[in-house]
Amino acid sequence: MDSDQHDLHEEQDVERGIDGGRAKRKQCRPVRLSVRCTVLLAITVAVFFVAAIACPLGFWMMHFGRETLAAFRESYKDASKLVEELAQVKVDALYDDVLDILDTYFRAGILAPLETSQEVMSMTLETMDFVDRHEDRNVLWRVALRQLNTRRELMSPFPAVLDLDNCSELGRPHAIWVAFSSESYVGAMVNCSGSYKWEASGGAANQSTTWNIWRISSSNESLVPVQQLENPSGSPLQRVPYLPSARPWYQAQQRIADMAMSPGGETSMQKKNVMSEIFEFLHVGEKSGRFAVAWTAPIAFCGNYSCFNGVVAAEMTLNVISMQCAEAWNRLNAYARNEFGHPLRNSSIFVVNQVSKQNPWQTGLLLGSSTPSALRPDQLTPADQSPDWLTNITARAILKKANGSWNNSVLESSMESLSLDDSLFRFRLDPDTHEISFCKPDTILEAADWDCLRVGMRSIAVDQYSRWLLVMVLPHASFANSSLIENSMNRMKGAQEAQARRSQVLQMTFTACVIIIPVITLGLSLGLARCIATPLKDLTRIMQELNKLDFSHKTRFFENLLCDHRSCIKEVASLHETFAKLASTVRVFARFVPESVVRAILRGDERAIGLHVERRHVSIMFSDIKDFTSISESLSQMEILTLLTHYLTAMTKVIEAYDGEVTEVLGDGLLAFWNTPDDVEEHAAKACSAALAQVEALRVLNETLACDGLPQLTLRIGIHTGDVLSGNLGSATKMKFGCLGDPVNLASRLEGLCKVYGVGIICSGATFDELGSESSNFVTRKLDLVQVKGRQEATEIFELVGRRRNRVKRDGTKSNSMKELSELSEFAKLYEEALRAYQSAEFGEALDRFKALASQKPNDVACHMLLDRAQRCLEKSPLAAGQPWTGVVSMTEK
């Protein structure tokens, strides 16, 4: 009794809650007006609004005009000064931004390629378990060559701004070296005359070794010995005495190792990457007198210098730095021409070796310049002794500002948050005395110092011991445009005069209010018409898309419509609500029936709304989950629902992506058709591709299921192609879209045979024949000739193994998946030869072949099945009974 009363009270509480919710929704329902009431209300509000503000508006405007004119006259004087100051600040900020861009540009174009090449070689040494053998050195020079070619491709967009030894394609040799303490040595060099391999087998430390040099063929990386080298003795280049540890790039790391291993040194000092000194590099097929720098790293697999065993170096000529400077100058010149209407003159961008703690004597040397004549071709050039006058006087001006030292803290810190006055300064050269003086910090509007040169600097930290100074020198007025500033001042003055005239116009506003009243009324009427017409037009357009069953072109109006955002007009809101229900109903309906059928119904096709079938040549797919019954026994109902939802969603997307139609969901399985109800070209190939894609998709899905603690799934798929009756099947009151005929049953049987033969995908001989020329794109294996239960005719069955793709790695070898597919293809050929012997009653040969295949793949179920059959036939030949031998196996189970 008490429980009945308790249930009664609960029902009453629920009813009260429902009634309260309904009352609340009723209370929150927006008020909607009819079109007639809305128009009348809008006109009434417009008339009242104009009458309420027209009178005070005229008097307020006249007073406001007088006050504004007085304030404008006072602010004009302050504004003129402010414009001058802002113009100067803007120019300084622009210089600073350009320097930031150049800094990034030079790091990406100079330092980054060197670091990347060195890092790739170091990682190659660490990962390949290197032993100082000829085979390992062969690996290293090939890796080095590919790195050089990659950098060459990245540099190819640079224009031939410098005529460097008539080599407009590259402009510099590049090289990557690996040298060991045993004086063994290997590397690659790329220059305008070709690609070269350098190698020396070494011997003992500090004893000269003999190098060998080969020219590398660009087509297949074959090696051709080089016969001649330009040297005084005229000896062959192929074998020349050489001491790798004496090279400057090797010494850069050797000095650090000696310092670490010296008495009192830090033996556990971690490995350091450093830049070498500027040196004259060895060359092949190039002129002498070319200089380079190298980015170096120690070979120390223990991580510190206690096990120092050699050096990895990436070498770059100074010509590359000059090319980078020239390219940066070209872009800067184009920017000045486009933005300020004039090109740059008397300007340059150059790089100075600012700090070199390991090689102090190289401090102040010029590393590169946008001006070709700035560097001497046959010797190192100090920046303040450059043959180019602009580079020369700019370097002297920088030294004068830095008190005569490139190591001054003002220059070293110009990259880190210094004021603009420290990183930017202006100077001029007296034409008579050739003395350098600094210009006053005048405003940009004054022309007294427009003959000055403006210098911007950025100090780039290369490594722990060295810094480079990036310098940009431009005319003082490069980024200034006095005509624009003067025009701004004239506009301000004109605005003052216009304000005086405007005050007179404001006095006539009161009279104009009478004219505004009908204008406002007309505007409100037009706005109201738009409020009604626009939603109706959008609704008409969306209805047309709905007729095509196209939900892909969602608009904001359509999304708001589905989210219960309605028009304020009552009649329009009613249309919106009706259409939203219709759209939702059609969208849900399309999930139960193929979209092409729904589109036919919406078009009013008589065949789509009644019982109707037609003969179609289709491809049919049955798929289900292997051992789903045992899987479902170990899961709860919600886990089974979650598992099936993920699985069916993924598989349906794959089938529809290959133009298939999923017509039925059979528990854990799917029934899909191709070439019905719409025509699909090459439907057999698309069905096979969809099956393989489902297997790939299942691998990704299994990873997700594993993260959720759900079991792994395995697919079984059967595919058959044949003629069926396709259309609306059923009774006068209930019907569905589907296909009818023996091919549907056979596809189901083929899916069941997957379990018998231990494979994932089986297609019939009819499907294989339908592939035609497309069959060469698939890897298949003819499994057997079977007679399924309930069918008299024998059917050839094929395992669908994979799809051939042209996946090749960068080194020219096939990927792992392609190798595996190639092995499976070879295995399938051997299997088919054994099957052909079995079906030809050559049981001894078949037995030997199947035994060999079984030993090759012990887990192949089909191979063991045919092996057992051949064994039995050999023991008791079916030919002895006088029966004709067909090789057909009859299946007694579905």
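The values are calculated or read from the model by the stated rules, or taken from the named source; none is laboratory data. Being a predicted model, the structure only gives us computed values, none of them experimental. Note: ideal-geometry Cβ built from the backbone for every residue, glycine included; neighbour counts use all protein chains shown. Surface areas here come from the heavy atoms of the whole protein model, side chains and all, with no ligands, DNA or RNA. Shrake-Rupley method; radii C 1.70, N 1.55, O 1.52, S 1.80 Å.
Sum up the charges of everything whose Cβ sits under 11 Å from the Cβ of Leu771, counting Lys and Arg as +1 and Asp and Glu as -1, but leave Leu771 out. It works out to a net charge of -3.
Across region 660-691, the residues whose backbone nitrogen lies under 16 Å from the label position 7 Å along the beta-carbon direction of Glu614 are 674-681. Spacing of the modelled spin labels on Ser890 and Gln385, each 7 Å from Cα toward Cβ, amounts to 10.6 nm.
Taking all protein chains together and rolling a 1.4 Å probe, Leu641 ends up with roughly 100 Å² accessible. Rolling a 1.4 Å probe over the protein heavy atoms leaves Trp198 with an accessible area of roughly 0 Å².
Based on protein heavy atoms only, region 726-803 ends up with 41 Å² per residue of surface accessible to a 1.4 Å probe.
Full-extension gain between Arg331 and Asp100, please, as 0.36 nm times their residue separation minus the C-alpha to C-alpha distance. Please report the intermediate quantities before stating the final value.
Working: separation 231, 0.36 × 231 = 83.16 nm, distance 1.43 nm.
Here the answer is 81.7 nm.
Measuring max minus min along each principal axis, the C-alpha atoms of region 601-726 give extents of 49, 29, 23 Å (largest first). Remark: the Ser877-Lys400 segment gains 161.0 nm on full extension, using 0.36 nm per residue and subtracting the alpha carbon distance.
Principal axis extents of the Cα atoms in region 658-717, from largest to smallest and rounded to whole angstrom, are 42, 21, 15. With a Förster radius of 45 Å applied to the beta-carbon distance between Thr645 and Ser822, the computed FRET efficiency rounds to 0.75.
For region 710-833, what is the relative contact order in percent, using Cα pairs closer than 8 Å and at least 6 residues apart in sequence?
Details: 181 pairs, mean separation 25.8, N = 124.
Here the relative contact order equals 21 percent.
So how much slack lies between Thr714 and Gln787, counting 0.36 nm per residue of separation and subtracting their Cα-Cα distance, in nm? Could you put the intermediate results ahead of the total?
Details: separation 73, 0.36 × 73 = 26.28 nm, distance 2.57 nm.
Value of the extension gain: 23.7 nm.
A simple rule links phi to the HN-Hα coupling: the Karplus curve 6.51 cos²θ - 1.76 cosθ + 1.60 with θ = phi - 60°, which for region 368-375 gives x, 7, 6, 9, x, 7, 6, 9 Hz, with x for Gly and Pro. Phi angles across region 839-846 convert, under the Karplus curve 6.51 cos²θ - 1.76 cosθ + 1.60 with θ = phi - 60°, into 3J(HN,Hα) values of 6, 8, 6, 8, 5, x, 4, 4 Hz, Gly and Pro given as x.
Just list whichever of Lys736/Lys782; Lys272/Lys401; Lys357/Lys401; Lys782/Lys876; Lys357/Lys440 have alpha carbons separated by over 28 Å in the model shown. With Cα atoms farther than 28 Å apart: Lys736/Lys782; Lys272/Lys401; Lys357/Lys440.
Measuring how big region 709-767 is from its alpha-carbon positions, Rg and Dmax come out at 15.2, 47 Å.
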